[in-house]
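Report on the structure given below.
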Amino acid sequence: MTRKLEELFDFPPLDEIEEDEPTSVPATQIALKEINDTIDKIDAALPAVRDLETGDRELDDLATKATETFDDLMDLGMQVDSRYSSEIFAVASTMLGHALTAKTAKLNKKLKMIDLQMKKLKLDQDQARNAPEESVETAQGQVLSRNDLLERLLSSRDQKDK
């Protein structure tokens with residue numbers, strides 16, 4: 001594993017990890033539970049961004065109307081006398097500015113919501129790290145060699161046959 005990957009995924013350096021020490025089952029279960037909780041929080045937060053479609057549609061409608069009005073005024077400005085066309089072109093440029101403002105407001109609103117959600121997620125993760133760990137019930141197990149396992153299986157089969 002490279003050092004950049006260790007830094008990216010926040011792993012301890014490979015030199016510090018002892019190969020004889022296996023990862024404990026409770027620690028793995030706790031980590032999986034935290035990951036599942038984080039995924040659930042993200043899934044629950046994402047629909048909140050999509051629920052803002054009503055405001056988005058209104059801003060899109062305003063931008064569309066302003067663009068259509070700009071096109072109409074540009075056509076009209078080309079057809080009238082040159083001494084009157086300057087005022088028409090000024091109004092047309094104002095309409096185009098309104099269309100740009102509506103689109104920019106829509107994007108800024110989405111970016112702000114995503115930023116707030118990311119801040120909330122970070123706060124939740126920080127609180128989860130500082131919270132006391134819950135005890136997780138685990139099963140008891142034994143480490144057996146292949147020969148021990150075969151011996152137990154054969155003895156249990158012999159007991160069933162009797």
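Where a number appears in this text, it was derived from the coordinates with a stated rule and is not lab data. Keep in mind that what you see is a predicted model, and the values were worked out from it rather than measured. Positions of Cβ are backbone-derived with ideal geometry, glycine not excepted, and every protein chain shown enters the neighbour counts.
Summary table
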item	result
Length released on extending from Asp60 to Glu6, taking residue separation times 0.36 nm less the Cα-Cα span	15.0 nm
Gain on full stretching of the segment that runs from Val80 to Lys160 - 0.36 nm per residue minus C-alpha separation	18.4 nm
FRET efficiency, 1/(1 + (r/R0)^6) with R0 45 Å, evaluated for Gln117 and Gln140 via beta carbons	0.60
Sequence-distant lysines (8 or more away, or on other chains) whose Cα lies within less than 27 Å of Lys122	Lys4, Lys33, Lys41, Lys106, Lys109, Lys110, Lys112
Cβ-defined net charge surrounding Ala63, 14 Å radius [Lys, Arg +1; Asp, Glu -1]	-1
³J(HN,Hα), Karplus 6.51/-1.76/1.60, whole Hz, each residue of the range 78-86, x for Gly, Pro	6, 9, 8, 5, 5, 6, 9, 6, 4
Charge tally in the Cβ shell below 14 Å around Ser93, where Lys, Arg are +1 and Asp, Glu are -1, Ser93 excluded	-3
Spherically averaged projected area of the range 24-131 from its Cα convex hull (nm²)	9.0
